[in-house]
1. Being within 18 Å of residue 126 (Cβ to Cβ), within 16 Å of the chain's Cα centre (by Cα) and free of Cβ contacts under 8 Å to residues at least 12 places away in the same chain: is that true of residue 34 here?
2. Conditions: (1) touching a helix residue (DSSP H, G or I) at 6+ places or on another chain (Cβ under 9 Å); (2) surrounded by fewer than 16 Cβ atoms within 10 Å (Cβ to Cβ); (3) under 26 Å from residue 131 (Cα atoms). Residue 76 meets all but one. Number of the miss?
3. Of 123, 94, which residue is closer than 30 Å to residue 141 by Cβ, within 19 Å of the chain's Cα centre (by Cα), free of Cβ contacts under 8 Å to residues at least 24 places away in the same chain and buried (at least 16 other Cβ atoms within 10 Å of the Cβ)?
4. Hand me the list of helices (runs of 4 or more DSSP H) wholly inside segment 1-88 holding 2 or more residues that are within 25 Å of residue 137 (Cβ to Cβ).
5. Among (1) in a loop (DSSP other than H, G, I, E, B); (2) within 16 Å of residue 134 (Cα to Cα), there is one condition residue 111 misses while meeting the rest; what is its number?
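Here, each number is a calculation from the coordinates, and none is a lab measurement. Just so it is clear, the structure is predicted and the values come from calculations on it, not from any experiment. Note that we place each Cβ from the backbone using ideal geometry, even for glycine, and neighbour counts take in every protein chain shown.
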């Protein structure tokens with residue numbers, strides 16, 4: 001009987017550590033990407049056009065300012081949503097898409113791993129978070145418990 005109670009306590013403790021670790025990851029990563037996005041968002045049409053020009057690698061050459069704004073928006077708003085754990089999976093999908101374009105831009109430019117590695121790392125993390133979810137300590141869990 002004591003062994004069963006001990007195992008239950010250990011499992012509960014492991015779950016708390018797991019969700020605490022996910023909370024830390026989510027908040028730290030969300031704040032970091034938010035801070036990357038703010039200057040892009042505040043840069044205006046010139047910055048957005050520059051960012052959006054990366055879509056030409058995918059054959060999309062129209063409306064570069066729109067695509068650049070979308071990238072800046074994904075980082076800024078997506079970072080906040082990631083940190084809060086609110087609409088977490090849609091935010092992670094947007095951010096994974098952003099990192100896919102960033103990675104492709106570096107690869108098409110012929111950059112080496114030391115340059116494109118950051119985009120690749122973040123793509124892996126965001127893609128993984130789509131499957132993992134926001135965790136117990138999130139607004140998704142509070143407001144949308146069935147899908148969190």
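1. No, not satisfied.
2. (2)
3. 94
4. Answer list for segment 1-88: 2-42, 64-84.
5. Condition not satisfied by residue 111: (2).
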